[in-house]
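A.B. asks: Before we start, here is the structure in question, set down as structure tokens.
The values are calculated or read from the model by the stated rules, or taken from the named source; none is laboratory data. A quick note: this is a predicted structure, and the numbers were derived from the prediction, not measured. Cβ coordinates were reconstructed from backbone atoms using ideal geometry, including for glycine residues, and neighbour counts include every protein chain displayed.
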Amino acid sequence: MHIGVPLETRAGETRVAATPETIKKLIGQGHQVTVQSNAGLNASLPDSAYEAVGALIGDAGAAFGADIVLKVLAPDATELARMRPGAVLVGMLNPFDDDSIARMAAQGIIAFALEAAPRTSRAQSLDVLSSQANIAGYKAVMVAANQYPRFMPMLMTAAGTVKAARVLVLGAGVAGLQAIATAKRLGAVIEASDVRPAVKEQIESLGAKFVDVPFETDEERECAEGVGGYARPMPASWMLRQAQAVHERARQADIVITTALIPGRRAPTLLHEETVQLMKPGSVVVDLAAAQGGNCPLTVPDQVVIRHGVTLVGYTNLAALVPADASALYARNLLDFLKLVIDKDGQFHLDLEDDIVAACLMCRDGQAVRVNSR
């Protein structure tokens, strides 16, 4: 089959959907691969690196005109118009964007959004959310360290002792756990909070202290278990108690990293303005939920602002700040997904009995497969 890898044109997007490593494997399976010129340049992958493994270098029309198109983000209207009916699109297409999915359906393509893959052991190798969140958690700490006007570790010098930074991580999913691990490597003192009691052991194993908010009702305990590895919205009574615990910890923290997200919904508010007002001057907040409204109402998407003496970082695409490794991991995720939709003869095969394929399928035959309620 002919596989196309276009250049990502969204502002700030530096990743690429395939690397020489994965393209070499695809070509080894008998496929022809066309990479749009300069598609990998921002990820330190020049055209010559792709040509060295047998890829063809072409323009946008050649990449989007392929049988299977590999993307990082959903195509815009101009890009979508370049795809032919019946073509297959694979990428992070935002399964909760009904309008975008409807446009893809109208174009007559078959689209797979890998964010919709089930959180199962079998799907781990193609879990794009985890691979990219892992990078975001790491980069969040590095960005915070850059903005923080003091050292992260404790230092004992001839001029005196510098205390270690106190870091509070809100949300202990993949990004939060990586943030804890990275902050620990930098010598910080860390506390972390999450609605799910099951992550307490993971938090403590990484060297952080768990901020425990006890459950008072069966409803609170049931919501905390989550669904498919994701957190669920918690009852107002628990959120109030958690807000008070976070308020007290944040006042003492030097750096707060918030990572709480609920797929398809606005991010929960965890860090209120009243709390920010009481934080120490020079403190830093990195809000990984900025793209979904933010865990702090003062966060401004894609900007660094100072409010009440606190620096708030609202970068919405932290993984794109580490484009080489982010692309490498993402490309491997795509390669593993393609194994499920390409048969042993090298042809596209849609197996709806496969739970991963069925979950990721967004549209086919001119119809959206799943429409999300708003």
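A.B. asks: Search the range 254-263 for residues being touching a residue at least 60 places away in the same chain (Cβ under 8 Å) and touching a Phe, Trp or Tyr at 6+ places or on another chain (Cβ under 8 Å), and hand back the single one that is nearest to Lys163 (Cα to Cα).
C.D. replies: Asp254
A.B. asks: Now, a different point. Report every pair of residues separated by at least 6 positions or lying on different chains whose Cβ atoms are under 7 Å apart, first residue within the range 338-349 and at positive phi and part of a loop (DSSP other than H, G, I, E, B), second aliphatic (A, V, I, L, M) and modelled with pLDDT of 95 or more.
C.D. replies: Final answer for the pair search is Gly346/Met1.
A.B. asks: Condition check: buried (at least 16 other Cβ atoms within 10 Å of the Cβ) and over 28 Å from Ala116 (Cβ atoms). Does Asp47 satisfy that?
C.D. replies: yes
A.B. asks: In the range 283-293, what count of residues is obtained for those that are outside any loop (DSSP other than H, G, I, E, B) and in contact (Cβ under 8 Å) with a residue 60 or more places away in the chain?
C.D. replies: So the count comes out to 2.
A.B. asks: Right, here's the next one. Might you let me know whether the range 121-130 holds any residue that is in the same structural domain as Val246 (by TED's automatic domain parsing) and of a type in the set (Ser, Thr, Tyr)?
C.D. replies: no
A.B. asks: Further question on the same structure: Restricting to the range 264-282, count the residues that are without any contact (Cβ under 8 Å) to a residue 60 or more places away in the chain and within 20 Å of Gly137 (Cα to Cα).
C.D. replies: 4
A.B. asks: Just one of the numbered conditions (1) within 24 Å of Asp345 (Cβ to Cβ); (2) touching a Ser or Thr at 6+ places or on another chain (Cβ under 8 Å); (3) part of a helix (DSSP H, G or I) is not true of Lys25; which one?
C.D. replies: All conditions pass for Lys25, except number (2).
A.B. asks: Within the range 145-234, which helices (runs of 4 or more DSSP H) (wholly inside it) include 2 or more residues that are modelled with pLDDT of 95 or more, touching a strand residue (DSSP E or B) at 6+ places or on another chain (Cβ under 7 Å) and under 22 Å from Leu318 (Cβ atoms)? Steps first, please.
C.D. replies: On the way: elements: 174-185, 200-205, 218-225.
In the range 145-234, 174-185 are the helices (runs of 4 or more DSSP H) which contain 2 or more residues that are modelled with pLDDT of 95 or more, touching a strand residue (DSSP E or B) at 6+ places or on another chain (Cβ under 7 Å) and under 22 Å from Leu318 (Cβ atoms).
A.B. asks: Taking the stated definitions as given, is Tyr330 within 19 Å of the chain's Cα centre (by Cα) and assigned to a loop (DSSP other than H, G, I, E, B)?
C.D. replies: The answer is no for Tyr330.
A.B. asks: Hey, any hits in the range 4-11 for a residue that's under 21 Å from Ala291 (Cα atoms), touching a strand residue (DSSP E or B) at 6+ places or on another chain (Cβ under 6 Å) and part of a loop (DSSP other than H, G, I, E, B)? Lay out the reasoning, then the answer.
C.D. replies: Of all residues in the range 4-11, those under 21 Å from Ala291 (Cα atoms) come to 8-11.
Now drop any that are not touching a strand residue (DSSP E or B) at 6+ places or on another chain (Cβ under 6 Å), which leaves 8, 10.
Subset that is part of a loop (DSSP other than H, G, I, E, B): 8, 10.
So far as the range 4-11 goes, yes, one or more of its residues are under 21 Å from Ala291 (Cα atoms), touching a strand residue (DSSP E or B) at 6+ places or on another chain (Cβ under 6 Å) and part of a loop (DSSP other than H, G, I, E, B).
A.B. asks: So Asp365 passes all but one of these: (1) farther than 30 Å from Tyr50 by Cα; (2) buried (at least 19 other Cβ atoms within 10 Å of the Cβ). Which condition number does it fail?
C.D. replies: Single failed check for Asp365: (2).
A.B. asks: Still on this model: Do any strands (runs of 3 or more DSSP E) lying entirely in the range 37-93 carry at least 2 residues that are under 27 Å from the mean Cα position of the chain (by Cα), under 15 Å from Ile23 (Cα atoms) and assigned by TED's automatic domain parsing to the domain that holds Arg10, and which ones are they?
C.D. replies: 68-73
A.B. asks: Can you tell me how many residues in the range 266-282 are at pLDDT 95 or above, in a loop (DSSP other than H, G, I, E, B) and in contact with a Ser or Thr (Cβ under 9 Å, 6 or more places away or on another chain)?
C.D. replies: Residues in the range 266-282 being at pLDDT 95 or above, in a loop (DSSP other than H, G, I, E, B) and in contact with a Ser or Thr (Cβ under 9 Å, 6 or more places away or on another chain): 1 in total.
A.B. asks: If you don't mind, there's one more thing I want to ask. Does Ala289 satisfy the condition of being under 15 Å from the mean Cα position of the chain (by Cα) and small (Gly, Ala, Ser)?
C.D. replies: Yes: the conditions hold for Ala289.
A.B. asks: Among the candidates Met104, Met83, which residue alone is closer than 19 Å to Met1 by Cβ and either of a type in the set (Lys, Arg) or crowded, with 19+ Cβ neighbours inside 10 Å (or both)?
C.D. replies: When all the criteria are applied, what remains is Met83.
A.B. asks: In this structure, is Leu186 more than 18 Å from Asn146 (Cβ to Cβ) and in contact (Cβ under 8 Å) with a residue 24 or more places away in the chain?
C.D. replies: So Leu186 does not fit the description; no.
Yes/no matrix, rows are residues, columns are (1) buried (at least 22 other Cβ atoms within 10 Å of the Cβ); (2) under 24 Å from Ser125 (Cα atoms); (3) in contact with a strand residue (DSSP E or B) (Cβ under 7 Å, 6 or more places away or on another chain):
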| site | (1), (2), (3) |
| --- | --- |
| Val246 | yes, no, yes |
| Val286 | yes, no, yes |
| Cys296 | yes, no, yes |
| Tyr330 | yes, yes, yes |
| Asn333 | yes, yes, no |
| Phe348 | no, yes, yes |
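A.B. asks: Let me ask something additional. Which pairs do you get when a residue that is more than 23 Å from Gln242 (Cβ to Cβ), found in the range 146-173, comes within reach of a residue that is among the polar types (S, T, N, Q) and crowded, with 18+ Cβ neighbours inside 10 Å, reach meaning Cβ atoms under 7 angstrom, with the pair 6+ apart or on two chains?
C.D. replies: The qualifying pairs are Gln147/Thr311.
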